[in-house]
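The values are calculated or read from the model by the stated rules, or taken from the named source; none is laboratory data. These numbers come from a predicted model, not from an experiment. Here the Cβ is made from the backbone with ideal geometry for all residues, glycine too, and neighbour counts use every protein chain on show. What goes into the accessible areas is simple: the full protein's heavy atoms, side chains included, and nothing from ligands, DNA or RNA. Shrake-Rupley method; radii C 1.70, N 1.55, O 1.52, S 1.80 Å.
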Amino acid sequence: MSQASPEEIISRVFGFQAFRPGQAEIVERLICGTHALAVMPTGAGKSLCYQVPALLRDGLTIVISPLVSLIDDQVAALRANGVAVSGIHSGRSRDENIIDWRRVQSGEAKILYMSPERLMTDRMLAALRPLNPTLFVVDEAHCISKWGASFRPEYEALSALRERFPLATMAAFTATADAATRQDIANKLFDGNGDIVVSDFDRPNLQLGVTPRTNWKKQLTDFLDQHAGESGIVYCLSRRLTDEATAFLNENGYRALPYHAGLSPEARRENQEAFMAEDGAIMVATIAFGMGIDKPDIRFVFHINLPGSMEAYYQEIGRAGRDGKPAEVQMLFGLDDIRLRRQFIEEDGADGDRKRREHKRLDTLLAYCEATQCRRISLLSYFGQEAEPCGNCDICLIPPVMVDGRDLACNLLGTICDTGQSFGAAHIIDVLRGAETEKLLSRNHDALSTYGTGRSKTKPFWQSFIRQAVAGGYLMIDIERFGALRLTEKGWGVLKRGAPFEYREIAKLPPSTPSKKSRAAALSMDGVDTELLSQLKNLRRELASAKRVPAYIVFSDATLIDLCRMRPENLDQMQLVNGIGPKKLADYGTRFLDLINAYQRAA
């Protein structure tokens, strides 16, 4: 064991003056030989937590990493700091791998990076046995758990390491793992005989926002207008959309770079290096981009489409604002996203139980999108962390108009209670709407007092209502029980103690979606003074910039057009304009009214 202290190592080798919050306690555990799972937010510096113990402990440390590119980056970074390290993987030549293996055998290299596929072969495990590795580090450890959102079968074989190397310390690191996933990782890697350390997941410098997708191109450029000259990431669901968005941005004067699995490794590497080096570059990417990226000044992350899960969403937005300065994340979502995500789950080839879990993870993300209270509370609660309203999300900044929904909530919560808290949303909605399914009738759920009490509401209404109840903390989705809805203490307060329940008004879907032509006609300029509209848009931009929110969060274009047509003379008239509720009227009404009146006087 080295006589140097951890503080000396991070100063002398890595050039840091002190550990970041949460790092030192992990380092101390691994130096002392305590098995540990560390759940740390993206950008918290998890690599240092195992690199420092590896340099201080006697013997070999093996780091298992999922991506060849990530292994190469880590090896290059350590070598740049003067650390003797080896990396062995299929992307290197046989001669290169042999040279690095000899460095390990000789004791020159104390750290060896490998993929799980390369490590967990009989030949490699036999070759490692005489070297007596003292520390195994499993990076992206959520991949080992079937409860996790990114399970990889080749990772599951790592559970055999504790039997093959019983004297070695086992360490696991991940940025995304709920309680069930954490326990499963700990059980597989060290039979639960170790510590689970969960760091603070809050990133208060990130301004969170979610909005339904209407016209992604306009919504994207409106957003980017607030971030002129800044670097950021735009995530897309598909390669095709990635290419389309990249071309669109470049045509409109932005410096945009594509990144997806359809590009050659050389093109991906070139674009990644350009993004890391250039100010104001925008990376347009699928989820293939991001792991291991440590660019501190990413000022925004924009999702054109719905991510795959809360874990994926958290990991992707975590790439913004790593320097601690303000950054903004915005997500668009639409019904087509939900359909595609459901389709991906069904076509994944997983077993039925896993498919049900993945559907419920998606439900949780949808509940986040439907949140009526602080988004940060909803996000952090998913990872088991409590929070107060943040004042730095779209809901805190511009609260939605709320409706009293206690009677509806009691019908919903009562149905869940009376059916034993053992069913998912689909069955509960069937009971509320008075369906006659075999599953419902065979359990005599048609005899419940709440049967049919929600018949007047549509199925999409109840789906949104339930998502809002989950987001508000009245219900929880029990993934371990295949997505059953369960009442929380807050939910029992509504059902048993008469506590209030409010929900964001759920708009009825139109009978049909108008074509682009008819939609344009609905927003035509007939009767609209374009000069007044331009001044209203300038005021909107000014107000949005002051609050650091996208312009459309202040007022939509349709609202501004209505203002031009109606030209209200006072606040009472203004509240009749479509899209202006009490909060927006109080926040912005006087400013817009003064502008309109001044324009009228000058006319």
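General observations
- Residue identified as at negative phi, in a loop (DSSP other than H, G, I, E, B) and open to solvent by less than 40 Å² (accessible area, probe 1.4 Å) among Pro53, Pro41: Pro41
- Filtering the stretch 412-427 to residues that are free of Cβ contacts under 8 Å to residues at least 40 places away in the same chain and either within 18 Å of Leu362 (Cβ to Cβ) or open to solvent by less than 30 Å² (accessible area, probe 1.4 Å) (or both) leaves Thr415, Thr419, Ala426, His427.
- Pair list, Cβ under 9 Å, 6 or more apart: the stretch 213-235 residue on the phi > 0 side of the Ramachandran plot, other residue of a type outside the set (Gly, Ala, Ser) and open to solvent by 50 Å² or more (accessible area, probe 1.4 Å): Gly229/Asp279
- Some residue of the stretch 247-263 being open to solvent by less than 10 Å² (accessible area, probe 1.4 Å), modelled with pLDDT under 85 and out of contact with any Gly (no Cβ under 6 Å at 6 or more places or on another chain): no
- Leading residue by the ranking (farthest from Lys547 (Cα to Cα)) among those in the stretch 565-603 that are open to solvent by less than 30 Å² (accessible area, probe 1.4 Å) and in contact with a Gly (Cβ under 8 Å, 6 or more places away or on another chain): Met574
- Given (1) modelled with pLDDT of 85 or more; (2) of a type outside the set (A, V, I, L, M); (3) within 30 Å of His359 (Cβ to Cβ), number of the condition Gly292 does not satisfy: (1)
- Of the set (1) β-branched (Val, Ile, Thr); (2) open to solvent by 40 Å² or more (accessible area, probe 1.4 Å); (3) at pLDDT 85 or above, all apply to Ile398 but (2).
- Every pair of residues 6+ apart whose Cβ atoms lie under 6 Å, when the first sits in the stretch 112-132 and is touching a residue at least 12 places away in the same chain (Cβ under 8 Å) and farther than 18 Å from Pro153 by Cβ while the second is assigned to a loop (DSSP other than H, G, I, E, B) and aliphatic (A, V, I, L, M): Leu131/Leu60
- Extreme residue, least open to solvent (accessible area, probe 1.4 Å), among residues of the stretch 26-38 that are of a type outside the set (A, V, I, L, M) and in a helix (DSSP H, G or I): Arg29
- Leu380 in contact (Cβ under 8 Å) with a residue 24 or more places away in the chain, in contact with a Ser or Thr (Cβ under 7 Å, 6 or more places away or on another chain) and hydrophobic (A, V, I, L, M, F, W, C): no
- Candidate set from the stretch 79-106 (those that are surrounded by fewer than 12 Cβ atoms within 10 Å (Cβ to Cβ) and not aliphatic (A, V, I, L, M)); member that is farthest from the chain's Cα centre (by Cα): Ser106
- Taking the stretch 1-25 as the range and being among the charged types (D, E, K, R) and assigned to a helix (DSSP H, G or I) as the test, the residues that pass are Glu7, Glu8, Arg12, Glu25.
- With a requirement of 2 or more residues that are over 27 Å from Pro66 (Cα atoms), the strands (runs of 3 or more DSSP E) lying completely within the stretch 231-336 that satisfy it span 327-333.
- Scanning the stretch 453-493 for residues that are under 16 Å from Ala180 (Cβ atoms), aliphatic (A, V, I, L, M) and in contact with an Asp or Glu (Cβ under 9 Å, 6 or more places away or on another chain) gives Ile477, Ile479, Ala484.
- Subset of the stretch 104-143 [under 11 Å from Ile62 (Cα atoms) and in contact with a His (Cβ under 9 Å, 6 or more places away or on another chain)]: Tyr113, Met114, Ser115
- Some residue of the stretch 297-315 being open to solvent by 60 Å² or more (accessible area, probe 1.4 Å), modelled with pLDDT of 85 or more and not polar (S, T, N, Q): no
- Options Glu230, Glu244, Glu273, Glu266; residue that is charged (D, E, K, R) and open to solvent by less than 60 Å² (accessible area, probe 1.4 Å): Glu230
- Residues of the stretch 360-379 that turn out to be in contact with a helix residue (DSSP H, G or I) (Cβ under 6 Å, 6 or more places away or on another chain), part of a helix (DSSP H, G or I) and of a type outside the set (Lys, Arg), as a count: 7
- Looking across the stretch 79-90, the residues that are closer than 23 Å to Glu270 by Cβ and modelled with pLDDT of 80 or more come down to Arg79, Gly87, His89, Ser90.
- Every pair of residues 6+ apart whose Cβ atoms lie under 7 Å, when the first sits in the stretch 1-25 and is free of Cβ contacts under 8 Å to residues at least 24 places away in the same chain while the second is surrounded by fewer than 17 Cβ atoms within 10 Å (Cβ to Cβ) and part of a helix (DSSP H, G or I): Gln17/Ser11
- Residue selected from the stretch 562-603 under the condition charged (D, E, K, R) and within 20 Å of Val528 (Cα to Cα), by the criterion farthest from the chain's Cα centre (by Cα): Arg601
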